[in-house]
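The values are calculated or read from the model by the stated rules, or taken from the named source; none is laboratory data. Being a predicted model, the structure only gives us computed values, none of them experimental. Every residue, glycine among them, receives a Cβ derived from its backbone with ideal geometry; neighbour counts consider all protein chains shown. For accessibility, only protein heavy atoms count, side chains too; no ligands or nucleic acids. Shrake-Rupley method; radii C 1.70, N 1.55, O 1.52, S 1.80 Å.
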Amino acid sequence: MDYAIRAEGLVRRFGETTALAGVDLAVRSGTVFGLLGPNGAGKTTAVRILATLLRPDAGTATVGGYDVLGQAHQVRQMIGLTGQYASVDETLTGAENLLLIGRLLGLPRADARHRARRLLAEFHLSDAADRAAKTYSGGMRRRLDLAASLVGRPRVLFLDEPTTGLDPRSRTELWGIVRELVGSGVTVLLTTQYLEEADQLADEIAVIDHGRVIAQGSSEELKAKVGGQALVVRPAEPADLPVVVGVLRDVAGAEPERNQQTVTVPVSDGDVLPAVVRRLDEAGVTVAELALRGASLDEVFLSLTGHRAEGSADGTERAEVPA
């Protein structure tokens, strides 16, 4: 199997803090690999090592077959990196930003201009090409930042939380761009705080926590590890929520989770559904919604790490260890 990225036993410490405690990764060429984890788990540290911006204290890593330490120059020639915050020069226009990067990469001026125009068109920025980047919206800046990382036609692209702070429409647009890049043969390593993003884009996902990979597989494989299904009931009258809790507890044999509108309980199979319907009917509870679904990626994350991702509604943020 062809792997664009391989890492074995990566360790990185910052003083008394261990950011990476022996991380192994294997990313297949031409795929999107999602790296999930809470803030401070080591995601950005891993990306910076793979992008040759940071040296590991132990372990080895290759990108495109080149060692990130001994062959850093060759690695840099084949990668692109978009960090958590747009890195474009706000005083330059969109076209000037891309032209500057092209020239820094050694492209002749004519080639750099052609590449800039083409990328601006592909990222729907042609109309704003001659405007200063500081006048761009957040979504436009992120598109320009991503375009900047593609000037050198990278074979491997690192996207470190590329949609942070974007509105849903801009995020969806960026997802489409990522899919097109992978369709053209680019390998993408994506870190994200949005579980839906990983679910939508990633062919394979690694969950990292406290500097270690604690689970890896496709989205469906990770969901299967949690196992079972969840039964969700929303009564028409909120006053009936305690009754619903009692019925689900009795029938499913597990403690339900209740919020302001629904009650959710894990079930081993769908056979409990008729029994729940019968018991609720006997109790005189009118049901507005009743659904049986598989585990979500958010529930996988909660099961593996003991807390929800920071992108969740009730997630708790922790600061990423600075490099």
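Amide H contacts of N39 (H built 1.01 Å from N, in plane; Pro and chain starts excluded): E310, R318 sit under 5 Å, all sequence-distant by 5 or more or on other chains.
Taking every protein chain into account, the 1.4 Å probe leaves K225 with about 130 Å² of accessible area, to the nearest ten. Just want the answer: with Cβ charges of +1 for Lys and Arg and -1 for Asp and Glu, which residue in V233, G211, V63 is farthest toward the dipole's positive end in the chain? Comparing the listed Cα positions along the dipole, V63 ranks first.
Taking the C-alpha atoms only, the angle from helix 272-282 to the longest principal axis of the chain is near 50 degrees. Applying 1/(1 + (r/R0)^6) with r as the Cβ-Cβ distance of T60 and H114 and R0 = 35 angstrom yields a FRET efficiency of 0.35.
Backbone phi angles across region 184-194, fed through the Karplus curve with coefficients 6.51, -1.76 and 1.60 (θ = phi - 60°), yield HN-Hα couplings of 8, x, 6, 9, 10, 9, 10, 9, 7, 9, 9 Hz in residue order; Gly and Pro are listed as x.
Of all DSSP-defined beta bridges confined to region 98-242, some 50% are antiparallel rather than parallel. Angle check, please: helix 138-149 long axis (alpha carbons) against the longest principal axis of the chain (alpha carbons), in degrees 0 to 90, nearest 10. So the inclination is approximately 50 degrees. The length gained by stretching the chain between I214 and E196 to full extension, at 0.36 nm per residue less their Cα-Cα distance, is 4.5 nm.
If R0 equals 35 Å, the separation of the Cβ atoms of R153 and T17 corresponds to a calculated FRET efficiency of about 0.40. Using 0.36 nm per residue and subtracting the Cα-Cα separation, the extra length available between L69 and S296 on full extension is 77.9 nm.
Across the alpha-carbon atoms of the chain, the computed radius of gyration and Dmax are 23.4, 79 angstrom.
Phi angles of region 124-132 translate, via the Karplus equation with coefficients 6.51, -1.76, 1.60 and θ = phi - 60°, into HN-Hα couplings of 6, 10, 4, 5, 10, 4, 9, 9, 4 Hz per residue; Gly and Pro are given as x. To the nearest ten degrees, helix 94-104 and the longest principal axis of the Cα atoms of the chain are 60 degrees apart. Measuring r between the beta carbons of K225 and R179 and using R0 = 30 Å, the FRET efficiency lands at 0.70.
How would you classify region 101-170 from its alpha-carbon gyration tensor, with a ≥ b ≥ c the square roots of the eigenvalues: rounded for a/c under 1.5, else prolate if a/b is greater than b/c, otherwise oblate?
Numbers: a/c = 2.31, a/b = 1.37, b/c = 1.69.
In terms of gyration-tensor shape, oblate.
Surface composition of region 155-223: carbon plus sulfur atoms hold 45% of the accessible area, using a 1.4 angstrom probe and ignoring ligands, DNA and RNA.
Using only Cα coordinates, the Kirkwood hydrodynamic radius of region 130-248 works out to 17.6 Å. Summing Lys and Arg as +1 and Asp and Glu as -1 over all other residues whose Cβ lies under 13 Å from the Cβ of G284 gives a net charge of -2. Around the Cα centre of the chain, unit charges on the Cβ atoms of Lys, Arg, Asp and Glu (plus for the first two, minus for the last two) sum to a dipole of about 1480 debye.
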